[in-house]
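Working notes for the structure below.
The values are calculated or read from the model by the stated rules, or taken from the named source; none is laboratory data. Predicted, not measured: the structure shown is a model, and the values here were computed from it. When we count neighbours, we look across all protein chains shown, and the Cβ atoms used for this are built from the backbone with ideal geometry, even at glycine.
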Amino acid sequence: MLQSCDLLIEAGWVVPIEPHGVVLEDHAVAVSGGEILAVLPAAEARARFQPAETVSRPGSVLIPGLVNAHTHNPMNLLRGIADDLPLMTWLQEHIWPVEGAVVGPEFIADGVTLAVAEMLRGGTTCANENYFFPDVEAATYKRLGFRAVVGLPVAQFANAWAASEEEYFDKAIQVHDQWRDDPLVSLAFVPHAPYTVSDAAFARIRTLSDQLDLQVHLHTHETEQEVVDSQRDHGQRPLARLDRLGLVNERLVAVHMTALTDAEIELCASRGVSVVHCPESNLKLASGFCPVAKLERAGVNLAIGTDGAASNNDLDMFGEMRTAAQLAKAVAGEATAFSAASALRAATLGGAKAIGLDDRIGSIEPGKQADLVLVDMDPLETQPLFNAISQLVYATGRQQVTDVWIAGHRKLDGRDLVDMDAAALLANARQWRGRIATILEQQNR
Ligand SMILES: [Zn+2]
């Protein structure tokens, strides 16, 4: 007797991520109740299952949804407002003044919405979000059916979300209480960076992250200058200071991590720290180079993030994977460093592990959530195809993503957004373009 299921996806190739580096030819994935039921040869699947819907794509690769492990998605509305500048000039003279004029609930909701559309069309199904107004972010991701870890921000500077570290904490607890049990939206602490958060606030984050079982998602060692400044202000390198405050552990999701000593790499490995590599943001802001090959050799869990669209300038995880794989080789002086399979793993299961969701997403395995992506390999740009993983990382463009599911729900169908109005998104983006351009003109006067 045939077993019923909601959906059967047959693909020319399935890359499950676990086991590592494996490509399964002519396989199928059965989905029921939003979860992966089975991964098996397509012929066996047809004999075993009676699906309500079958999607058959002999020319496509099926992969787990990509996990963008570091992003500031409301900043999609600031894409391209200030380019070709160093980090501190870019932040202090351009980004922060414009944010001061626009950041509020409407900006957050509209920016996240535009970003979700871009991510879905690029095969990303989960974002590790780091911005302000986590209440609005969480509600927007939930409304759009997009998986996210929303950051609870803490910083010394005041903005429209909070006026003091105390208020950041009060609001963080409120948002946590509201969203603690949601299946799609989870939470993490996002202290902005070591140079904008006090020792007392870090100590409190340490205590609360243990009590509430939350990751701590933090920009650190972004530039050599940050390390020099920390030695001047605190007498310690940022990682040493975080260690003194009890934060260097398996909850730490350390973003950027350029300017690392071998001892710091060993410390991260032994404590189970995850490192999020943002190669394109680091390149664009000339921030430095994350020693990916050394981190991988030491056994550190690696994830990949785009960073915000204002410093990248896109949310393209295919581009990011390729840059990460290529840059790691140049930095290490070893062409064998950070293989295509390692880059794809970092963009899926590595990201899932960093954000504490590796028991639910990041690979195509029975029992995991059906966050799945079909990538069309028929275009001549990806032919002939000898190795699907090599093709995905080194030759595929995000426009080859055709279909996306999150928790078994179809979100992209033949490149069309299923439950979002693309024309309305465009009109909204243009409306923000007008408002922000006026602010830029006033500030440049
Ligand atoms: Zn960032």
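Restricted to segment 297-306, and to residues that are within 19 Å of the chain's Cα centre (by Cα) and more than 16 Å from the ligand (Cβ to nearest atom), which residue is nearest to Asp376 (Cα to Cα)? So, considering only residues that are within 19 Å of the chain's Cα centre (by Cα) and more than 16 Å from the ligand (Cβ to nearest atom), the one nearest to Asp376 (Cα to Cα) is Leu302. For segment 123-146, a residue qualifies if it is more than 16 Å from the ligand (Cβ to nearest atom) and either under 16 Å from His176 (Cα atoms) or assigned to a loop (DSSP other than H, G, I, E, B) (or both), and the qualifying residues are Gly123, Phe133, Asp135, Val136, Ala138, Ala139, Thr140, Tyr141, Lys142, Gly145, Phe146. Return yes or no: is Gly362 within 23 Å of Glu129 (Cα to Cα) and surrounded by fewer than 20 Cβ atoms within 10 Å (Cβ to Cβ)? So Gly362 fails the test. Counting only residues that are more than 29 Å from His176 (Cβ to Cβ), among the β-branched types (Val, Ile, Thr), away from the ligand (no atom under 16 Å from the Cβ) and surrounded by 15 or more Cβ atoms within 10 Å (Cβ to Cβ), segment 214-259 holds 1 of them.
Within segment 150-196, the residues that satisfy the criterion of being closer than 27 Å to Glu35 by Cβ and at pLDDT below 95 are Arg180, Asp181.
Go through the residues of segment 269-281 one by one and say whether even a single one is among the charged types (D, E, K, R), closer than 14 Å to Thr220 by Cβ and within 16 Å of the ligand (Cβ to nearest atom). Taking every residue of segment 269-281 in turn, none turns out to be among the charged types (D, E, K, R), closer than 14 Å to Thr220 by Cβ and within 16 Å of the ligand (Cβ to nearest atom).
Residues are listed down the side, and each one gets a yes or a no for (1) assigned by TED's automatic domain parsing to the domain that holds Arg147; (2) exposed (fewer than 15 other Cβ atoms within 10 Å of the Cβ); (3) not aliphatic (A, V, I, L, M):
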| residue | (1), (2), (3) |
| --- | --- |
| Val14 | no, no, no |
| Ile17 | no, no, no |
| His20 | no, yes, yes |
| Val23 | no, no, no |
| Asp26 | no, yes, yes |
| Gly34 | no, no, yes |
| Leu37 | no, no, no |
| Ala42 | no, no, no |
| Ala45 | no, no, no |
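Phe338 meets the conditions (1) hydrophobic (A, V, I, L, M, F, W, C); (2) at positive phi; (3) free of Cβ contacts under 8 Å to residues at least 24 places away in the same chain in every case but one. The failed one is (3). All told, Ser311 meets the bar of being buried (at least 24 other Cβ atoms within 10 Å of the Cβ) and under 22 Å from Trp96 (Cβ atoms). Among the residues of segment 204-232, the one identified as over 25 Å from the mean Cα position of the chain (by Cα) and within 18 Å of Arg271 (Cα to Cα) is Thr207.
Which residues, taken from segment 128-180, are among the charged types (D, E, K, R), over 21 Å from the mean Cα position of the chain (by Cα) and surrounded by fewer than 17 Cβ atoms within 10 Å (Cβ to Cβ)? Of everything in segment 128-180, those that are among the charged types (D, E, K, R), over 21 Å from the mean Cα position of the chain (by Cα) and surrounded by fewer than 17 Cβ atoms within 10 Å (Cβ to Cβ) turn out to be Glu166, Glu167, Asp170, Asp177. If the condition is being closer than 18 Å to Gly356 by Cβ and of a type outside the set (A, V, I, L, M, F, W, C), then segment 247-273 contributes Asn249, Glu250, Arg251, Arg271, Gly272. Just a yes or no: is a residue in segment 307-316 within 21 Å of Met75 (Cα to Cα), touching a residue at least 60 places away in the same chain (Cβ under 8 Å) and away from the ligand (no atom under 15 Å from the Cβ)? Yes; the residues of segment 307-316 include at least one that is within 21 Å of Met75 (Cα to Cα), touching a residue at least 60 places away in the same chain (Cβ under 8 Å) and away from the ligand (no atom under 15 Å from the Cβ).
With the structure loaded, tell me whether Ala328 is small (Gly, Ala, Ser), modelled with pLDDT of 95 or more and crowded, with 24+ Cβ neighbours inside 10 Å or whether it fails that test. In short, yes. For beta carbons closer than 7 Å, sequence separation of 6+ or different chains, a first residue in segment 5-34 that is free of Cβ contacts under 8 Å to residues at least 60 places away in the same chain and a second that is part of a loop (DSSP other than H, G, I, E, B), the qualifying pairs are Val22/Pro16; Leu24/Pro16.
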